[in-house]
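**Q** Take this structure, written in structure tokens, and hold onto it; I'll ask about it next.
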Amino acid sequence: MHPIPAVPPYRVVGLETVGSTNAVALDHAHKGDAGQLWVVAGRQTGGRGRRGRPWASEPGNLYASLLLIDPADPARLGQLPLVCALALADAVDRMCGTHRLVRLKWPNDLLVDGAKISGILLEAAVVGEGRRAVACGFGLNISHHPELADYAAADLAGLGYRVTPEIGFGALAESVSRQLDRWRHEEFSGILTDWLSRAQGIGMPIRVRLSQDELHGTFVGLDEEGRLLLRGADGSMTTISAGDVFF
């Protein structure tokens with residue numbers, strides 16, 4: 001992997017092969033790191049997605065995690081997946097020279113023509129002196145994509161865009177920095193509006209797979225905290241904080 005330049009005020013650690021960039025980031029937190037640290041790898045041997053699912057991580061794609069320490073009041077951390085998704089969507093446009101190439105599937109998947117091109121996984125841990133560490137992990141299919149059981153998948157090269165992981169990371173780091181600044185200093189409503197402008201499936205029938213159940217209904221939109229609003233066949237409204245959406 002080519003050297004990765006620092007992106008002030010963030011620091012960058014570039015590694016050839018790791019188990020998981022999120023795991024490395026959280027290990028830094030447990031050792032007292034102050035945060036604002038990017039961990040970037042050329043390959044992951046133990047990459048994972050939501051609910052512990054494996055994430056294919058061969059060379060040629062982008063694998064990066066940002067370590068944040070106490071990024072916001074705990075009550076606001078549920079907004080962070082949407083912030084990260086919007087940042088990656090903007091970064092894809094920057095690295096590809098496109099305008100609104102991707103759509104967003106709640107809470108943080110990026111789709112091109114219905115095919116998934118990325119994975120975002122946020123993991124939190126309480127570390128020394130009660131600090132809350134959050135690892136924001138990004139995986140972007142640049143050169144190739146896995147065959148997924150539940151979703152169609154795609155990669156930027158297959159879509160005709162020539163991007164390197166290094167160029168991709170530069171665009172991601174700049175976009176994440178900008179969106180985090182917005183999140184910290186402005187009302188969340190602006191980010192929510194931007195996310196909804198890219199949303200896939202509003203007004204469509206969907207099913208939402210929860211840890212122990214599956215719900216069916218119409219995707220109405222999001223509430224003011226970014227939770228999914230699902231209208232059932234009987235007209236009842238359900239607010240969902242976490243789940244996998246299928247169209």
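**Q** Report whether or not Leu101 is open to solvent by 10 Å² or more (accessible area, probe 1.4 Å) and either modelled with pLDDT of 95 or more or under 12 Å from the mean Cα position of the chain (by Cα) (or both).
**A** Numbers: open to solvent by 10 Å² or more (accessible area, probe 1.4 Å): yes; either modelled with pLDDT of 95 or more or under 12 Å from the mean Cα position of the chain (by Cα) (or both): yes.
In short, yes.
**Q** Can you confirm whether region 233-244 contains a residue that is over 29 Å from Leu101 (Cβ atoms) and touching a residue at least 60 places away in the same chain (Cβ under 8 Å)? Reasoning before the result, please.
**A** Keep residues of region 233-244 that are over 29 Å from Leu101 (Cβ atoms), which gives 233-239.
Subsequent filtering for residues that are touching a residue at least 60 places away in the same chain (Cβ under 8 Å) retains none.
Among the residues of region 233-244, not one is over 29 Å from Leu101 (Cβ atoms) and touching a residue at least 60 places away in the same chain (Cβ under 8 Å), which makes the answer no.
**Q** I'm trying to understand the selection: among the residues of region 103-118, which are more than 19 Å from Thr164 (Cβ to Cβ) and either assigned to a loop (DSSP other than H, G, I, E, B) or among the small types (Gly, Ala, Ser) (or both)?
**A** Matches in region 103-118: Trp106, Pro107, Asn108, Asp113, Gly114, Ala115.
**Q** Continuing with the same structure: Name, by its number, the condition in (1) at pLDDT below 95; (2) more than 19 Å from Ala64 (Cα to Cα) that does not hold for Pro146.
**A** Every listed condition holds for Pro146 apart from (2).
**Q** Answer with yes or no whether Asp70 is touching a Lys or Arg at 6+ places or on another chain (Cβ under 6 Å), buried (at least 20 other Cβ atoms within 10 Å of the Cβ) and within 23 Å of Ser241 (Cα to Cα).
**A** Details: touching a Lys or Arg at 6+ places or on another chain (Cβ under 6 Å): yes; buried (at least 20 other Cβ atoms within 10 Å of the Cβ): no; within 23 Å of Ser241 (Cα to Cα): yes.
So Asp70 does not fit the description; no.
The values are calculated or read from the model by the stated rules, or taken from the named source; none is laboratory data. These numbers come from a predicted model, not from an experiment. We place every Cβ from the backbone using ideal geometry, glycine too, and count neighbours over all the protein chains shown. Each accessible area value is taken on the protein alone, full model and side chains, heavy atoms only, with ligands, DNA and RNA left out. Shrake-Rupley method; radii C 1.70, N 1.55, O 1.52, S 1.80 Å.
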